[in-house]
Amino acid sequence: MLSPFPSQCVSRHFLSQALKGLALVRLGRWEDGANVLKEVHEAKPTDESTLQVITIAYKELNKSKNDETW
């Protein structure tokens, strides 16, 4: 069944992908997480939840990089 609100489906997809990227980062799979986040970032999402998750994930990636765990 198609959603009457296709933009909600798209924003949910970006949010789920951003959460997947964050989960991969937290599991220590930094390259995989960074690749997923890059794909979401390139799609230029506009919903606040997705942008917040991307910001958190990038902060954690930067922290990991500074800890020389890359």
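Values quoted throughout were computed directly from the atomic coordinates according to the rules given, and no laboratory measurement underlies them. Note that the structure is a prediction, hence the values are computed from the model and not measured. Backbone-built Cβ (ideal geometry, glycine too); neighbour counts: all protein chains shown.
Stokes-Einstein diffusion of the stretch 8-56 at 20 °C, 1.002 mPa s viscosity, Kirkwood radius from Cα pairs, rounded to a whole number: 207 µm²/s.
Applying 0.36 nm per residue to the separation of D32 and T55 and subtracting their alpha-carbon distance, the gain on full extension is 6.6 nm.
When the trypsin sites (Lys or Arg not before Pro) in the stretch 23-55 are filtered for DSSP coil states and for at most 16 other beta-carbon atoms within 10 Å of their beta-carbon, the remaining sites are R29.
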